[in-house]
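Everything on this sheet refers to the single structure shown next.
The values are calculated or read from the model by the stated rules, or taken from the named source; none is laboratory data. Quick caveat, the model's predicted, so the values are computed rather than measured. Don't worry about glycine lacking a Cβ; one is built from the backbone with ideal geometry, like all the others, and counts go over all protein chains shown.
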């Protein structure tokens, strides 16, 4: 659906917004690392964006709710 939208509107510099990444990515399988799953999924979205020069895919991704002393631990994803 996204590829078709980007192709149909390619001359208009289309914008696609995912609010949030978790709503559109496939579920993680047992044993998979979250970073690798997110990286793989976002790589596919990058290929889609590149297919329509001038387009933008904006992905909203929230930090996790649990506290952590290191700010990097608050982020899960790519």
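Suppose we keep only residues that are free of Cβ contacts under 8 Å to residues at least 24 places away in the same chain and surrounded by 13 or more Cβ atoms within 10 Å (Cβ to Cβ) within the stretch 29-40. Which one would you say is nearest to residue 57 (Cα to Cα)? Let's see the steps before the verdict.
Kept after step one, since they are free of Cβ contacts under 8 Å to residues at least 24 places away in the same chain, are these residues of the stretch 29-40: 29-33, 36-37, 40.
When the remaining residues are screened for being surrounded by 13 or more Cβ atoms within 10 Å (Cβ to Cβ), the result is 37, 40.
Values: 37: 18, 40: 15 Å.
If we take residues in the stretch 29-40 being free of Cβ contacts under 8 Å to residues at least 24 places away in the same chain and surrounded by 13 or more Cβ atoms within 10 Å (Cβ to Cβ), then 40 is nearest to residue 57 (Cα to Cα).
Output the number of residues of the stretch 1-14 satisfying the condition of being at pLDDT below 95 and more than 13 Å from residue 56 (Cα to Cα).
Residues flagged as at pLDDT below 95 and more than 13 Å from residue 56 (Cα to Cα) within the stretch 1-14 amount to 1.
Could you tell me whether any residue of the stretch 4-12 is surrounded by 16 or more Cβ atoms within 10 Å (Cβ to Cβ), part of a helix (DSSP H, G or I), in contact (Cβ under 8 Å) with a residue 12 or more places away in the chain and in contact with a strand residue (DSSP E or B) (Cβ under 6 Å, 6 or more places away or on another chain)?
No.
Give the residue, chosen from 47, 57, 17, that is surrounded by 14 or more Cβ atoms within 10 Å (Cβ to Cβ) and at pLDDT 85 or above. Talk me through it step by step, then tell me what you get.
Values: 47 fails: surrounded by 14 or more Cβ atoms within 10 Å (Cβ to Cβ); 17 fails: surrounded by 14 or more Cβ atoms within 10 Å (Cβ to Cβ).
Checking each option against the conditions leaves just 57.
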